[in-house]
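One structure is given here, and the rest of the page talks about it.
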Amino acid sequence: MTPSCVVALVGRPNAGKSSLFNAVTGGHAKVGNFPGVTVELLDAQVRALSGELIELVDLPGVYSIEGEADPESDEGHARQFLDRARDEHKPLVIAQVLDSTQLELGLGLTLELRRRGVPVIVLATQHDALVKQGFELDAAALQEALGVDVLATSARAPGIKEKVSQLLADVWRQQRKPPHGTIDVRKLARQVLLPKENAAQSFARVRRRTERLDAVLLHPLLGPLVFLGLMTALFAAVFMIAEPVTALIDLANQALGTRIEGVLGTGWLSSLLVDGVLGGAGTVLAFLPQIVILTIAMELIDASGYLARGTYLVDRALRFAGLGGRSFVPLLTAHACAVPAITSARIIRDPGQRLRTILVLPLMTCSARIPTYGLLITTFFSDRSAWFKGAMFVGLYFAGILAGLVASLVLGQTVKQTGQRRPLVLEMPPYRRPHARVVARVAWRAGTRFVKDVGSVILIAAIVLWALLTVPGPGDSHSAPPGASPRVVAMHGSLAASAGRLLEPLSKPAGFDWRLNVGLIGSFGARELMVGTMGVIFGIEGGEDDTAPLSARLREAKTATGAPAYGPATALALMAFFVLACQCMSTLAAVRRETRSLRWPLFVLAYTYAAAWVVAVVVFQAATAFGL
Amino acid sequence: MGVRRTPAVTSLDLLAPQRSALITGLRMSEREAAWLRAIGLGEGVEVTVLRRAPLGGLLHVRVSGGAELAVDRELARNVELGPGEKERP
Ligand SMILES: Nc1nc2c(ncn2[C@@H]2O[C@H](COP(=O)(O)OP(=O)(O)O)[C@@H](O)[C@H]2O)c(=O)[nH]1
Ligand SMILES: [Mg+2]
C-alpha cells in the first residue's frame with residue numbers, strides 16, 4: 001500500500017532518532033551512542049489512529065542541511081534523501097528529533113529545516129534525561145516561538161507510538177508552511193528551559209558523574225591502560241566463557257551422529273547427514289556462543305558512551321598509521337564483521353583516511369575467524385594451560401590489529417591522498433547505563449542470524465563440498481593409506497582432492513597438505529567454511545564407527561607414509577594465513593560498493609592473499625626450525 | 001622597555017585546560033567554517049578546554065550549548081579566540 005506521507009526523522013547524531021524510530025515502529029534500527037551507527041536508511045510503516053498510513057524513515061545524523069556536504073559521507077546520504085524527496089515531490093514531513101538536553105545546538109538545525117517549505121514537527125526527545133538534570137522543556141512556548149509543532153517526549157515514554165503517529169498524521173493533514181525568519185537560538189533555548197527547584201544541584205550531579213569517569217578513562221596514562229585491559233578482557237572472555245559451551249554443542253553433535261548411524265546404517269545417506277551436515281554445518285554452529293558474547297560486549301561499549309572515549313584515546317596512534325580517530329568505530333565494528341564496518345567507514349570525512357580504513361578493515365579479526373582459531377588452539381595446544389590458550393587467542397586479535405596498522409603505513413606510501421585533509425571533530429556523549437532489554441535484543445538477533453546463516457549458506461556449501469569429496473574423480477587415489485575404506489579411497493580420487501593436490505607445490509612450504517588446501521579453497525568465499533570443510537574431510541576419513549571429535553581426528557591425521565600430518569607449526573602457519581587473507585566474498589563486494597571500483601576489491605584480495613602466503617611460509621619454516 | 005605581560009591566548013590550541021574563552025573567528029574555508037558552526041563551534045560560542053590528549057592529540061572541549069567535543073589540534077589552531085580568557089565557569 002502506498003503511504004499517505006513520508007516522515008523523515010532528521011537530527012544531529014545521537015539525538016535519539018533510532019530510539020524514537022524503534023519506539024514508534026516497533027522496529028529494529030541499530031541504536032548507538034556514536035555518529036555513524038545509522039548509515040543505511042531504515043524505513044517502516046505505521047498507521048495513525050485516524051487511518052493514515054505513515055512511512056517513517058530513520059536517517060543518518062546531520063548537523064546542517066545547508067551548505068556543502070561530501071556526498072559519500074553519512075551526512076551526505078541523509079541530505080540526498082531529503083533532496084530526492086523534494087525533487088520527486090514526495091509527500092514529505094520533516095520530523096526533527098532534537099535532544100532536549102542540547103536544545104541550543106539542535107535549534108540551529110530547526111531554523112534550516114523550517115526553510116525547506118515542507119511541514120516540520122520538532123520531537124524534543126530525551127526529556128527524561130533533561131528532567132534528571134533538573135530542567136523541564138516548555139514545549140508550548142517553544143512551539144509558539146518556532147511556529148511549528150513541538151512535542152516533549154522520550155523514547156521510553158508510555159503510549160509514545162500512538163501519540164507520535166497521530167501527531168505526524170495531523171501535521172501532514174494541516175500542511176502548515178513553517179515561518180522563515182531567524183531567531184536568536186541561544187536566547188530562545190534559555191527562555192524555554194524551565195529550571196526546577198534544585199536544578200543547579202541536579203545538573204552538577206549529572207555532570208560530575210561523567211567528569212569523574214572521564215578523569216580516569218581519559219587519563220593520559222590510566223586511560224590507554226584501561227582501554228587495552230578492556231580489549232584484552234573482551235577477547236579473552238570470547239574464548240574462555242564460550243569454550244565449555246562450544247564443547248557441549250560439539251558433544252551433542254557427536255551423540256546425534258551416532259544415533260543417525262545407528263538408525264540409517266553406513267550408506268551414503270548416513271555419510272551425507274553425519275559427515276556433510278553435522279560435520280560441516282554442525283561444527284560451525286558450535287561457535288554460536290562466541291558470536292553472542294562478542295555482540296553483547298560491542299553493544300555495551302557502544303551504549304555506555306565508551307566508544308567516543310576509545311576514539312579520543314586511539315586517535316593519535318591511528319593518525320600515526322595514516323588512519324584517524326574516526327577510523328576507530330569501523331575498526332572496532334570489524335571485529336564482529338567487516339561488511340557493516342566497511343559501510344560505517346562513511347563517517348570518516350577525510351577521503352584518504354576513509355579509503356585506507358576500508359582497505360585494512362578486512363584484517364581485523366572478524367567472528368568468522370573464531371571457529372578456525374578455536375579449533376586450531378584446542379587441537380594443537382590442548383596440553384597447555386587455559387591461560388596459555390586464552391593468551392594465544394587474544395594474541396591473534398592483536399595480530400590482526402597490528403597487521404592493519406602496518407598495512408595502513410605501507411599503503412600510506414602508495415594510496416595517494418585525494419583532496420584536502422579533513423580534520424576531526426567528534427561529539428563526546430555523556431555516559432549512559434545500557435539497557436538490558438536493548439542488549440538482549442541485539443544479542444538475540446546476532447545469534448539467530450548466525451544460526452540462519454549456518455542453516456542456509458553454510459549448510460548448502462557443506463553439502464556441495466561433501467559431494468565434491470565423495471563423487472569419484474580423475475584424481476590419484478593411491479595416496480589413500482593402505483587398507484582404507486572404499487569411501488576414503490574415493491575421496492582421495494575426488495575432484496576436490498585433485499584441486500587440493502594441485503596446490504600442494506605452492507602450499508607445502510607453509511606446511512599445508514591437500515586436505516588443508518581443500519579447506520582453503522572451500523573457505524575462499526566465506527572463511528567459516530574452513531572448519532566445516534575439515535569436519536567433512538575428517539568425518540569421511542574417520543570412517544563409520546569413529547565418533548571422535550574433529551580435534552582428535554586432526555591430531556591423529558597421517559600423511560601417505562603414516563607420519564603425523566600436522567603439528568603446532570602447521571597450526572601457527574594456518575593461523576597466520578587466517579589473520580591476513582581476506583577470505584570473504586561479502587567483504588570484497590562491500591569494498592566494491594563503497595569505493596565504486598573493481599580495482600580496490602581486487603587489490604584487497606591480492607595483497608591479503610600474498611601477505612598471507614608469505615607470512616604462513618615464514619611462520620611454518622621458523623616454527624619447524626625451532627622444533628615445534 | 002614595555003611592561004612584561006603573559007602572551008595573549010589567540011587560538012583554541014593554546015588555551016590551557018580548565019580555562020575558557022569566546023570564539024571570535026574561524027580561519028578556514030567557508031565550507032569548513034559552516035560545518036564547524038553547525039556542530040556548535042561557531043563565533044560567539046564560549047569554549048572550555050577540559051583536557052588535552054598527549055603528543056599533539058585531540059582537545060576535549062565543552063561548548064556553551066552544553067555539548068562536549070573532541071577537536072583536532074590542527075583545527076584548533078585555526079579557531080580564533082577573543083581576549084578575556086578566564087577560569088572555567
Ligand atoms: N535517557 C534517554 N536516552 C535516550 C533517549 N533516546 C535515545 N537515548 C540514548 O541516546 C543515544 C543515542 O540514541 P540513538 O537513537 O542511537 O540516536 P541517533 O544517533 O539519533 O539515531 C543512545 O545511547 C540511546 O540509548 C531517551 O529518550 N532518553
Ligand atoms: Mg541512529
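What the table below lists for this structure:
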{"item": "Answer from A:501, A:441 - the residue that is closer than 26 Å to residue A:287 by Cβ, in the same structural domain as residue A:326 (by TED's automatic domain parsing) and of a type in the set (Lys, Arg)", "result": "A:441"}
{"item": "Residue in segment A:373-391 that is open to solvent by 10 Å² or more (accessible area, probe 1.4 Å) and within 14 Å of the chain's Cα centre (by Cα) present", "result": "no"}
{"item": "Those residues of segment A:495-536 which are of a type in the set (A, V, I, L, M, F, W, C) and not in a helix (DSSP H, G or I), in sequence order", "result": "A:503, A:512, A:524, A:526"}
{"item": "Matching residues in segment A:95-134 - criterion: being more than 16 Å from ligand 2 (Cβ to nearest atom), of a type in the set (Val, Ile, Thr) and within 26 Å of residue A:190 (Cβ to Cβ)", "result": "A:101, A:110, A:120, A:121, A:122, A:131"}
{"item": "Residue in segment A:273-327 that is surrounded by the most Cβ atoms within 10 Å (Cβ to Cβ), counting only those that are small (Gly, Ala, Ser), assigned to a helix (DSSP H, G or I) and more than 14 Å from chain B (Cβ to nearest Cβ)", "result": "A:280"}
{"item": "Answer residue from segment A:52-94, given it is free of Cβ contacts under 8 Å to residues at least 12 places away in the same chain and away from chain B (no Cβ under 14 Å) and is farthest from ligand 1 (Cβ to nearest atom) among those", "result": "A:89"}
{"item": "Breaking point among (1) touching a residue at least 12 places away in the same chain (Cβ under 8 Å); (2) part of a helix (DSSP H, G or I); (3) open to solvent by 60 Å² or more (accessible area, probe 1.4 Å), for residue A:560", "result": "(2)"}
{"item": "Test result for residue A:117, open to solvent by 10 Å² or more (accessible area, probe 1.4 Å), assigned to a helix (DSSP H, G or I) and among the small types (Gly, Ala, Ser)", "result": "no"}
{"item": "Filtered residues of segment A:123-152 (kept if open to solvent by less than 10 Å² (accessible area, probe 1.4 Å) and within 14 Å of ligand 1 (Cβ to nearest atom))", "result": "A:123, A:124, A:125, A:130"}
{"item": "Matching option when the condition is buried (at least 18 other Cβ atoms within 10 Å of the Cβ), at pLDDT 85 or above and away from ligand 1 (no atom under 16 Å from the Cβ), among A:24, A:46, A:7", "result": "A:46"}
{"item": "Segment A:429-457 - residue that is among the aliphatic types (A, V, I, L, M) and without any contact (Cβ under 8 Å) to a residue 12 or more places away in the chain and, of those, most open to solvent (accessible area, probe 1.4 Å)", "result": "A:436"}
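The values are calculated or read from the model by the stated rules, or taken from the named source; none is laboratory data. Computed from a predicted structure; not experimentally measured. So basically every Cβ, Gly included, is an ideal-geometry build from the backbone, and we count neighbours across all protein chains shown. Only protein heavy atoms, including side chains, enter the accessible area calculation; ligands, DNA and RNA are left aside. Shrake-Rupley method; radii C 1.70, N 1.55, O 1.52, S 1.80 Å.
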